[in-house]
Structure formats: C-alpha cells, structure tokens
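Following: one structure in structure tokens, then a few remarks.
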C-alpha cells in the first residue's frame, strides 16, 4: 500500500467519568502494546497517547481582545477521551478493523473511529 493513498483516522477511547481502573490493567496495557506493534508492522500506527483526567485540563478561549484562561474541562460530560491512537488506513473498513481490535482489548469501553481532514 502506498502511504500517499492512505487516510488518517483517530481512534478515541472513551472512559466514564467515575470509572476506576480495572484490576487487570497490566494485562490490558500488554494487549494494547501488542496491538500497537501489530499496527506498526502493518504501517498503520502513527501516534498514540493516554490522557490525564479532564480535571487536569486548562482551556484557552479568545474573548474580545484577550484570551480567557480557565481550569478544568471545556465541556462537562459523563465520559471523556482517556486516550487516542492516530492511524493510517486505506479506508474506513480497515480503520474499523483496528478500532474493533482496540475495543475488544478495552472490554466494553467505546472506541470512536473518526477520519481526519487530510489534504
């Protein structure tokens, strides 16, 4: 597959606000590492990261002639993005295969598969 013909997709992992880490977190992280290795071998993996809780966020918003800086998340929600992976895929079907593998590893946490606006 030629990289120039591939599109980028963002795999967002949603975590419930009140969620506690599962007892088998180490096992899940090992499975995610294996998935990332598989994506690298297939030329699909671009970047991935976990995120701190929304309470760690700082928001910058233009207001008039200045910028308002506030602590905390911009949007209050019962779920938040806990991590993400940016991948390259030929099409949505391929991206959904990677997203489905990730969702299976996460045992019930939703994974949103969203195309990026590529030039």
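A few comments on the model shown:
- Number of positions in segment 62-97 that are within 18 Å of residue 38 (Cβ to Cβ) and either more than 12 Å from the chain's Cα centre (by Cα) or without any contact (Cβ under 8 Å) to a residue 40 or more places away in the chain (or both): 8
- Residues of segment 24-73 satisfying the condition of being at pLDDT below 90 and surrounded by fewer than 11 Cβ atoms within 10 Å (Cβ to Cβ): 55
- Under the condition of being crowded, with 16+ Cβ neighbours inside 10 Å and in contact with a helix residue (DSSP H, G or I) (Cβ under 8 Å, 6 or more places away or on another chain), the residues counted in segment 74-98 number 6.
- Applying a threshold of 8 Å to beta carbon distances and a minimum spacing of six or more residues, or different chains, the list of pairs starting in segment 37-59 at a residue that is more than 19 Å from residue 79 (Cα to Cα) and ending at one that is surrounded by fewer than 14 Cβ atoms within 10 Å (Cβ to Cβ) reads 43/1; 43/3.
The values are calculated or read from the model by the stated rules, or taken from the named source; none is laboratory data. Computed from a predicted model, the values in this text were never measured in an experiment. Glycine also receives a Cβ, built like all others from the backbone with ideal geometry; neighbour counts cover every protein chain displayed.
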